[in-house]
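Report on one structure; see the data block that follows.
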Amino acid sequence: MTTNNATPNTVSRDIPFSSLHISKTNMRYARKAPDVSDIYPSIRAKGVRQPLLVRPEGEGFGIVAGRRRYYALKQVEAETGQAPMVRCELMTDDDDASAIAASIIENVGRRDAHEMEEYVAFKRLHDAGDSVETIAEFFGIVPADVRRVLALASLSPAIRKLYADEEIVAETARALTLASKSQQTEWLRLFKDDNERAPVGRACRAWIAGGAAITTDKALFDLETYDGAVTTDLFGDHDVFADAGAFWKAQSDAVAARIDAYRERGWKDVVTLERGAQFASWDFVKTPKSQGGKVFVEIRHDGTVNFHEGLLRQAEARRHAANANGEKPAKPDPVKPEMSGPLAEYILLHRHGAAQASLAGEPAIALRLMVAHTLAGSALWDVRAHECRTRKAETEASLAASKAAADMKAKRERIASMFEALGDNGEARRNSDAYRLCEIFVALLAMADEEVMEVLAWSMAETLEPGGALVEAVLHVCETDLSAYWKPEPVFFDLCRDKRALNAMVADIATKSAAKACRNDPAKVQKAIIENRIAGKACDANPDWRPGWMQTPPQRLVRGAESAPADAWKRVAALFEPREAEVSSEPQSVPHSDAA
């Protein structure tokens with residue numbers, strides 16, 4: 001091939017516009033028509049100044065370089081009705097590799113190519129026999145850059161198309177090059193599912209790694225002796241551990257060996273902090289080993305381990321100094337504040353006002369700070385997660401085993417993984433701790449808008465007050481299908497003892513005449529009728545039946561009787577369904593409202 005020549009061999013020629021088309025070797029061949037508003041006025045007035053690079057293809061000529069000029073000329077033709085002659089440089093080299101190279105040179109010289117365009121072009125050159133080093137030398141880039149682009153070959157065609165169509169960003173596509181074929185298939189399923197959310201960006205890399213993505217530079221152990229799997233990451237400076245569990249086992253063993261070595265060297269106290277706990281260096285003072293200095297081991301979620309030698313907390317250092325001198329530690333002379341109380345109040349309130357005004361003009365920052373408040377609270381935000389409190393142990397067990405509880409647990413783990421990918425444990429300590437609030441704020445600032453909204457939705461769900469009108473409003477607005485989350489179960493029938501309500505259920509699942517016939521029967525008999533109808537004993541099964549209490553909106557079963565869900569909905573129904581508010585919570589299938 002001819003990639004050792006920067007300029008293709010050409011001859012100048014005027015070609016009718018009608019004979020031109022975009023060549024498949026053009027690196028932007030498959031992309032949508034470009035915006036030519038910047039060059040159209042000049043081309044309409046003066047024609048094309050820089051010739052198009054073309055080559056013979058079929059009965060016409062394919063444009064290798066000059067796609068935007070072609071579309072501008074096409075617009076001129078549509079407006080004037082005239083097909084102009086176009087000055088072109090006709091390539092005399094007839095191989096595809098030369099045309100691909102020329103297209104890349106022209107486009108890269110004009111503006112950065114999309115990575116998928118580079119991939120298509122580089123792959124064609126590579127398939128034509130050029131080595132990575134040859135391609136890199138020709139385009140003036142390092143071989144590693146070519147390998148990174150060619151690594152996109154590990155993506156499935158469907159994911160490559162999403163990247164080419166700019167439906168996913170580069171960080172997500174690059175992360176997916178680390179994924180196995182099965183992981184890519186699962187990611188695509190999540191991406192296409194309306195009810196799921198595929199991880200993107202940093203979260204995608206963490207999802208592939210099964211938690212926070214841990215790079216090989218974090219290892220304290222010898223990688224040559226490591227038995228676990230390591231995934232090559234051409235887009236990062238270091239490879240990634242494929243199995244977080246195997247990494248932490250090896251890392252923990254290495255940390256233990258380091259601790260033993262410290263103790264052999266005479267360090268009496270080696271303190272290992274909880275994984276993810278931040279080492280507050282400002283609270284420590286340098287203290288020699290001979291004076292009780294300790295070693296503190298800080299282990300971060302991304303695998304980093306820091307050993308802080310010869311330190312003591314300030315209070316402990318003062319005690320050691322006092323004991324060494326045989327006297328109580330002297331209290332330092334108090335330093336007078338540089339501001340009086342009223343002045344400090346004045347300064348702080350003016351700073352607060354400036355922060356308020358600034359925040360009011362930054363919706364994206366305000367959103368993240370608001371989400372941080374829902375997780376950590378503040379002196380003005382009293383936020384508490386819902387805690388299940390019920391009088392019946394059976395009810396608590398039923399809720400714990402429900403699909404809703406399982407979904408919330410999965411979402412909670414998903415949110416935790418997003419924070420862990422950013423080096424934060426995501427723990428929501430709602431204790432008005434300003435430092436913790438800022439930690440969460442920093443993590444949210446690093447997240448994409450979609451990820452922040454995901455955290456917000458989960459946090460709002462965690463803090464949703466049970467019972468009352470708000471729950472009914474959420475179910476209505478979300479169009480929740482309660483049958484997907486609940487079905488009649490033994491606990492429900494054990495708790496349901498009002499024969500009027502049971503009789504209304506019989507009328508609903510069977511017939512009004514059946515309800516009338518068993519109106520005076522014991523509750524146990526009526527429950528059996530309902531259960532038999534659900535199971536299909538001596539009748540067609542009706543497994544999807546739900547009583548009016550578990551429908552959206554909820555239905556009252558006994559006319560005029562108090563009904564918690566129906567009363568809650570009735571209170572706000574007019575806000576959401578004005579025309580149906582009068583009837584939405586009334587009983588629909590009660591044979592006799594005075595049934596005993």
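The values are calculated or read from the model by the stated rules, or taken from the named source; none is laboratory data. Predicted model, so just to flag it, every value in this text is computed and none were measured. Quick reminder, even Gly has a Cβ in these numbers, built from the backbone with ideal geometry, and neighbours come from all protein chains shown.
Using beta carbons and a limit of 6 Å, which pairs, at least six apart or on different chains, have the first residue in the range 295-308 and among the small types (G, A, S) and the second one surrounded by fewer than 18 Cβ atoms within 10 Å (Cβ to Cβ)?
G303/K218
I'd like to verify a number: residues in the range 463-479 that are under 16 Å from A573 (Cα atoms), in contact (Cβ under 8 Å) with a residue 24 or more places away in the chain and not aliphatic (A, V, I, L, M), how many?
Within the range 463-479, residues that are under 16 Å from A573 (Cα atoms), in contact (Cβ under 8 Å) with a residue 24 or more places away in the chain and not aliphatic (A, V, I, L, M) number 5.
If S459 passes every condition in (1) within 29 Å of P543 (Cα to Cα); (2) among the polar types (S, T, N, Q); (3) part of a helix (DSSP H, G or I) but one, which one does it miss?
Unmet condition: (1).
Let me spell it out: the conditions are (1) within 30 Å of R258 (Cα to Cα); (2) surrounded by 15 or more Cβ atoms within 10 Å (Cβ to Cβ); (3) at pLDDT below 85, and Q314 meets all of them except one. Which number is the exception?
Unmet condition: (2).
Can you confirm whether the range 440-448 contains a residue that is under 26 Å from W549 (Cα atoms) and of a type in the set (V, I, T)?
So far as the range 440-448 goes, no, none of its residues is under 26 Å from W549 (Cα atoms) and of a type in the set (V, I, T).
Condition first: charged (D, E, K, R) and either assigned to a loop (DSSP other than H, G, I, E, B) or not assigned by TED's automatic domain parsing to the domain that holds C539 (or both). Now tell me which residues in the range 470-518 satisfy that.
E472, E479, D481, K487, E489, R497, D498 - these are the residues of the range 470-518 that are charged (D, E, K, R) and either assigned to a loop (DSSP other than H, G, I, E, B) or not assigned by TED's automatic domain parsing to the domain that holds C539 (or both).
Could you please let me know if L445 is on the phi < 0 side of the Ramachandran plot, within 44 Å of the chain's Cα centre (by Cα), in the same structural domain as A401 (by TED's automatic domain parsing) and not polar (S, T, N, Q)?
Against the criterion (on the phi < 0 side of the Ramachandran plot, within 44 Å of the chain's Cα centre (by Cα), in the same structural domain as A401 (by TED's automatic domain parsing) and not polar (S, T, N, Q)), L445 qualifies.
Exactly one condition in (1) among the aliphatic types (A, V, I, L, M); (2) more than 18 Å from the chain's Cα centre (by Cα); (3) part of a helix (DSSP H, G or I) is false for I440; which is it?
(2)
What number of residues within the range 476-495 are under 16 Å from T390 (Cβ atoms) and surrounded by 14 or more Cβ atoms within 10 Å (Cβ to Cβ)?
3
Yes or no: the range 326-336 includes at least one residue that is loosely packed, with under 14 Cβ neighbours inside 10 Å, assigned to a helix (DSSP H, G or I), out of contact with any His (no Cβ under 7 Å at 6 or more places or on another chain) and at pLDDT below 85. Full working, then the answer.
So in the range 326-336, the residues loosely packed, with under 14 Cβ neighbours inside 10 Å come out as 326-328, 330-336.
Next, from what is left, pick out any that are assigned to a helix (DSSP H, G or I): none.
No, because not a single residue in the range 326-336 is loosely packed, with under 14 Cβ neighbours inside 10 Å, assigned to a helix (DSSP H, G or I), out of contact with any His (no Cβ under 7 Å at 6 or more places or on another chain) and at pLDDT below 85.
Per-residue answers, yes or no, for (1) part of a helix (DSSP H, G or I); (2) in contact with a Ser or Thr (Cβ under 9 Å, 6 or more places away or on another chain); (3) not assigned by TED's automatic domain parsing to the domain that holds S417:
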{"site": "I259", "(1), (2), (3)": "yes, yes, yes"}
{"site": "W267", "(1), (2), (3)": "no, no, yes"}
{"site": "R275", "(1), (2), (3)": "no, no, yes"}
{"site": "F279", "(1), (2), (3)": "no, no, yes"}
{"site": "V285", "(1), (2), (3)": "no, no, yes"}
{"site": "S290", "(1), (2), (3)": "yes, no, yes"}
{"site": "G303", "(1), (2), (3)": "no, yes, yes"}
{"site": "G310", "(1), (2), (3)": "no, yes, yes"}
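Can you spot a residue in the range 531-550 that is assigned to a loop (DSSP other than H, G, I, E, B), of a type in the set (F, W, Y) and touching a residue at least 60 places away in the same chain (Cβ under 8 Å)? Reasoning before the result, please.
To start, the set of residues in the range 531-550 that are assigned to a loop (DSSP other than H, G, I, E, B) comprises 536-547.
Subset that is of a type in the set (F, W, Y): 545.
If we keep only those that are touching a residue at least 60 places away in the same chain (Cβ under 8 Å) as well, we get none.
Taking every residue of the range 531-550 in turn, none turns out to be assigned to a loop (DSSP other than H, G, I, E, B), of a type in the set (F, W, Y) and touching a residue at least 60 places away in the same chain (Cβ under 8 Å).
Quick check on the range 107-119: of everything there that is in contact with a Lys or Arg (Cβ under 9 Å, 6 or more places away or on another chain) and aliphatic (A, V, I, L, M), which residue is modelled with the highest pLDDT?
In this case the residue turns out to be M116.
Residues are listed down the side, and each one gets a yes or a no for (1) assigned to a helix (DSSP H, G or I); (2) in the same structural domain as A461 (by TED's automatic domain parsing); (3) of a type outside the set (K, R):
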residue: H350; (1), (2), (3): yes, no, yes
residue: A357; (1), (2), (3): yes, no, yes
residue: R368; (1), (2), (3): yes, yes, no
residue: A372; (1), (2), (3): yes, yes, yes
residue: L375; (1), (2), (3): yes, yes, yes
residue: E387; (1), (2), (3): no, yes, yes
residue: R391; (1), (2), (3): no, yes, no
